[in-house]
1. Name every residue in the range 127-176 that is outside any loop (DSSP other than H, G, I, E, B), closer than 20 Å to L266 by Cβ and not small (G, A, S), in order of residue number.
2. Test each condition in (1) surrounded by 15 or more Cβ atoms within 10 Å (Cβ to Cβ); (2) of a type in the set (S, T, N, Q); (3) closer than 20 Å to V115 by Cα for T48 and report the one that comes out false.
3. From the list V191, V204, exactly one residue is touching a Ser or Thr at 6+ places or on another chain (Cβ under 9 Å), part of a strand (DSSP E or B), on the phi < 0 side of the Ramachandran plot and not acidic (D, E). Which is it?
4. Return a yes/no flag: does the range 142-156 have any residue that is out of contact with any His (no Cβ under 6 Å at 6 or more places or on another chain), of a type in the set (D, E, K, R) and closer than 17 Å to S230 by Cα.
5. List pairs: first in the range 239-260 and under 16 Å from F203 (Cα atoms), second part of a loop (DSSP other than H, G, I, E, B), Cβ under 9 Å, 6+ apart or cross-chain?
6. Only one residue in A213, A263, A267, A280 is among the aliphatic types (A, V, I, L, M), modelled with pLDDT under 85 and assigned to a helix (DSSP H, G or I). Which one?
7. For the range 56-67, which residues satisfy the criterion of being at pLDDT 80 or above, exposed (fewer than 14 other Cβ atoms within 10 Å of the Cβ) and either within 28 Å of the chain's Cα centre (by Cα) or polar (S, T, N, Q) (or both)?
Amino acid sequence: MDDSGCKAEKGVLYIVATPIGHLGDMTYRAVGILKTVDVIAAEDTRNTARLLSHYDIHTRLISCHEYNESERARQIVEQLASGQSAALVSDAGTPGLSDPGYRIACAAIGEGLRVAPVPGACAAVAALSAAALPLDRFLFAGFPPKKGGPLRAMLEDLAERKETLVFYESPHRIVSLLESIRNHMGDRYVVLARELTKLYEEFVRGSAGEVEAAMRKKEKIRGEITLLVSGKPDEKPEIPDPEVLEAEILSLLPDNPSTARLAAMLAKRYNCSKNDMYQAILAVKSRMET
């Protein structure tokens, strides 16, 4: 393997994405950079230590979390200015997306130092890629507020957005978030992605009320959750191109064997007749059988 670009350069801060679950999602370049930087700043050194052990990486590890990020930013910038290299990692995924990292990157750039991304796993993008929702535009909303007032204000503001919305949420608050979405944004079509890339990866699709009901039936909800919410529907129906609609139906059929239920789901998404969607699904199923 050509390791060009896999070795750290002096004076550079690398923002390194790490797996969100499956350790095989670590890139060759990320491993090479983490092996050759002078120091790795990690959100939780215990979690990162397990990852480093798996890849036989022995680089010095320091903590960098929300409570010490400002102090760490100063220290790391000093090290970079002296000619050392550093990598920033979070517990999982890409640093800076609802994780520490913003202050360090800003401090380095403010001093004229180079900040280089080492791309890889990202829960938001992973969920979007398999959701069968419009991807031409989306809005990353991160973790929503915990308190009712700020949460309601946020959802009411986002209710007017036409983009697909992306939220991160913890398992013990997801039911409450779905209920709030239903109350303040309408019974939108949503996709809940849980335990992405892990053994028990799960996608739950349907209206906010349907997914909320499915979550309430679980004895215990585990794992980090990415919730995708369809944007505000257009006032007039906008049925997609027949080939695009057929591809979408084919992607949804394995998880939605009921023609009537899938028709209702798609009709709500495109603000059109359930019967039209029902007939479109029957046509797709007929072509599958021939």
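1. Result: L128, F138, T164, L165.
2. With (1) surrounded by 15 or more Cβ atoms within 10 Å (Cβ to Cβ); (2) of a type in the set (S, T, N, Q); (3) closer than 20 Å to V115 by Cα applied to T48, the lone miss is (3).
3. V191
4. There is no residue in the range 142-156 that is out of contact with any His (no Cβ under 6 Å at 6 or more places or on another chain), of a type in the set (D, E, K, R) and closer than 17 Å to S230 by Cα.
5. Short answer, once both residue conditions are applied: E248/A132; E248/P240; S251/A130; S251/A132; L252/A132.
6. Step by step, each of A213, A263, A267, A280 is checked, and only A267 is among the aliphatic types (A, V, I, L, M), modelled with pLDDT under 85 and assigned to a helix (DSSP H, G or I).
7. Within the range 56-67, just D56 meets the criteria.
Every residue, every condition in (1) surrounded by 15 or more Cβ atoms within 10 Å (Cβ to Cβ); (2) within 20 Å of A126 (Cβ to Cβ); (3) not basic (K, R), yes or no:
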| site | (1), (2), (3) |
| --- | --- |
| S176 | yes, no, yes |
| I181 | yes, no, yes |
| R188 | yes, no, no |
| V211 | yes, yes, yes |
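The values are calculated or read from the model by the stated rules, or taken from the named source; none is laboratory data. Just so you know, these numbers come straight off a predicted model, no measurement behind them. Glycine gets a Cβ as well: all are built from the backbone with ideal geometry, and neighbour counts include every protein chain shown.
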